[in-house]
Amino acid sequence: MSYDPKQSDPKRFRPKVIRNSKGDIIATLLPGLCKSCGECIAKCPMKCISFDETELGTTGEPAIVIDMEKCIGCGTCEMICPDFAVKITKEPSKEPSK
């Protein structure tokens with residue numbers, strides 16, 4: 001078995017935090033925990049989750065990416081993930097009220 005530096009890159013285990021443009025929905029992704037089962041992709045009601053073409057999960061398969069502009073923050077992906085690789089947080093909107 002040969003050494004693959006991508007598989008042992010410690011950056012894969014750092015949380016990846018992304019927000020929608022309003023700043024009220026935050027997704028924390030842990031690519032190092034994702035085993036690419038696809039459950040979150042299948043269950044997302046907004047179909048805003050897909051496999052990432054650049055990040056790898058624990059098995060060397062693609063991790064997930066979330067289109068935060070489509071995400072409604074329902075938390076289905078967080079509840080369905082068997083690896084606890086997704087956390088969704090909703091905060092009060094940072095946009096001024098009209």
_Name the residue that is farthest from the chain's Cα centre (by Cα), counting only residues in the range 53-68 that are surrounded by 17 or more Cβ atoms within 10 Å (Cβ to Cβ) and among the small types (Gly, Ala, Ser)._
57
*If you scan the range 9-52, which residues turn out to be loosely packed, with under 15 Cβ neighbours inside 10 Å, part of a strand (DSSP E or B) and touching a residue at least 24 places away in the same chain (Cβ under 8 Å)?*
18, 28
*Positions within the range 33-47 being modelled with pLDDT of 95 or more and touching a strand residue (DSSP E or B) at 6+ places or on another chain (Cβ under 6 Å), in sequence order*: 40, 41
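The values are calculated or read from the model by the stated rules, or taken from the named source; none is laboratory data. None of these values were measured; they are calculated from a predicted model. As a convention, Cβ positions derive from the backbone with ideal geometry for all residues, glycine included, and neighbour counts pool all protein chains shown.
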